[in-house]
Amino acid sequence: MNKDTINIILAEDEPALGMIVKESLETRGFSVRHELNGALALDAFHEKQPDILVLDVMMPKLDGFELAKKIRVENEEIPIIFLTAKSQTEDVLEGFHVGGNDYLKKPFSMEELIVRIESLLSRQTVQKTAAIYELGDYSFNFPKQHLIYKEEVTKLTHREAHLLYHLVLKKNKVLDRTFILKKLWGNDDFFSGRSMDVFITKLRKKLALDDELEIVNVRGYGYKLITP
């Protein structure tokens with residue numbers, strides 16, 4: 001693994017601990033941006049588009065769990081490691097429930113943190129390599145957000161790619177409308193529903209070159225991607 005290309009956002013509100021972790025990771029070749037609260041870390045996530053997030057749970061303005069929830073609405077794949085002084089089972093379960101991939105209890109060794117980081121990144125690389133789907137005459141490269149027809153590449157938006165990804169996972173079955181609205185839009189109100197309908201229409205147009213592909217509306221339930 002070439003660590004020179006790996007960007008980490010570290011959210012830790014204890015300045016001394018954050019600096020120690022940052023400097024230790026940087027001596028091993030990682031690029032680290034350290035933020036002192038969850039709100040700044042969310043801004044950094046949007047600006048930096050990191051490879052992995054290391055989040056303290058107890059932070060001002062936006063705690064680690066709430067930050068992870070917001071990030072998961074936008075990005076389902078980026079690995080998240082929680083750092084916490086908490087050890088109760090319910091806290092650990094909450095961390096995984098909101099989208100965490102791993103959980104490290106303070107105090108921890110730097111070597112253990114590095115092993116966890118490298119393990120998650122290696123696992124993600126394997127998953128991304130496999131995340132190319134054949135849809136009739138199209139290929140859908142989910143990690144790159146590319147829809148390919150023969151040699152013509154159409155770049156999808158982040159939300160288009162994630163909506164198509166969930167349709168592909170449930171191909172020839174109904175994708176529940178409420179589930180996908182809450183997953184990608186954060187709620188299932190009227191305006192979010194209308195927005196999703198617009199995205200479905202866009203995807204239909206982009207898949208129109210293959211007559212055997214169709215996204216159908218299953219009234220009262222959701223949508224179904226019909227494939228050969």
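The values are calculated or read from the model by the stated rules, or taken from the named source; none is laboratory data. Here the structure is a predicted model, which is why all the values come from computation and not from measurement. Note that we place each Cβ from the backbone using ideal geometry, even for glycine, and neighbour counts take in every protein chain shown. Accessible surface areas use protein heavy atoms only, side chains included; no ligands, DNA or RNA. Shrake-Rupley method; radii C 1.70, N 1.55, O 1.52, S 1.80 Å.
Below, the figures for the structure above:
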quantity	calculated
Residue-span extension gain [K105 to A131] - 0.36 nm each, minus C-alpha spacing	6.2 nm
The chain - percent of accessible surface contributed by carbon and sulfur, probe 1.4 Å	52
Sum of -39500 (n - 2.57) over DSSP H runs of 4+, divided by residues of the chain (222 nm, nearest 500)	-14000 deg cm²/dmol
Relative contact order (%) - criterion: Cα under 8 Å, at least six apart; region: the chain	13
Solvent-free Debye scattering, log10 I(q)/I(0), computed from the Cα coordinates of the range 146-228 at q = 0.13, 0.17 Å⁻¹	-0.38, -0.65
Protein-only accessible surface order, largest first, of D188, D51, D211 at 1.4 Å	D211, D188, D51
Per-residue ³J(HN,Hα) for the range 170-175, Karplus 6.51 cos²θ - 1.76 cosθ + 1.60, θ = phi - 60°, Hz, x for Gly and Pro	10, 3, 6, 10, 7, 8
Å² per residue, accessible surface of the range 88-214 at 1.4 Å	58
Sites matching trypsin sites (Lys or Arg not before Pro) across the range 140-226 that sit in DSSP coil, with at most 13 neighbouring C-beta atoms within 10 Å	K150, K173, R219
